[in-house]
1. For Arg110, what accessible surface area do you get with a 1.4 Å probe? Give it in Å², rounded to 10.
2. Given a 1.4 Å probe and the protein chains all in place, what does the accessible area of Ser81 round to, in Å² to the nearest 10?
3. Can you sort Leu60, Leu151, Leu46, Leu41 by 1.4 Å-probe accessible area, starting with the largest?
4. Ranking request for peptides 32-38, 90-96: highest mean number of other beta-carbon atoms within 10 Å first, then the rest in descending order.
Amino acid sequence: MKSFLSNNFYNKFLLTLCFIVFLFQSEDCLGETILLEKVDLLHSGLSEINNKSVNKNNFLFILGIINKTYDAEKMGRMIISQKWKSLPSNDQKEFIDVFEKFIATNYLKRFSKIKKVNFRIQSITKIKEKFRLVNVLMTVNDDDKIEFGYLFHLKDNEWFIFDV
């Protein structure tokens, strides 16, 4: 039996609580609310893959979520490193497109094989003004627990994942 504060309900509860606190305290909470919305968007998509409501035929659905939650350009710059600047812009764009498709394909393959998955946000840590670390606990098939973090950065007044 699922606990009362699990998965989407728990995340929505945190969002609502954070928004209420924001009204009375600080603007940092609004940033955290937006972060939680991004994480919830990604986790909802992954849960849909897991629930088999999204499949290979819905590749564009997952790709859209990747485009909204990940900064593939920043990730590409980090992967290619010093050579990134010397790449022609069309090669940079092609790399970003292929990398986003790789992430989407990888999620489709991995999460469609899992019987049951649950996500719980454990904490949000402020790292300087434009960086946040969102720590997550993922439970797979009720017994395997995996802790990981999403590293976000602020780009054009919007939060994006650039490292997991």
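1. Estimated to the nearest 10 Å², Arg110 gives 150 Å².
2. 70
3. Details: Leu60 135, Leu151 40, Leu46 5, Leu41 60 Å².
My answer, sorted largest first, is Leu60, Leu41, Leu151, Leu46.
4. Numbers: 32-38: 19.3, 90-96: 14.1.
Result, highest mean Cβ count within 10 Å first: 32-38, 90-96.
The values are calculated or read from the model by the stated rules, or taken from the named source; none is laboratory data. What you are looking at is a predicted structure, and each value in this text was computed from that prediction instead of being measured. Cβ coordinates were reconstructed from backbone atoms using ideal geometry, including for glycine residues, and neighbour counts include every protein chain displayed. Heavy atoms of the whole protein, side chains included, go into the accessibility calculation; ligands, DNA and RNA do not. Shrake-Rupley method; radii C 1.70, N 1.55, O 1.52, S 1.80 Å.
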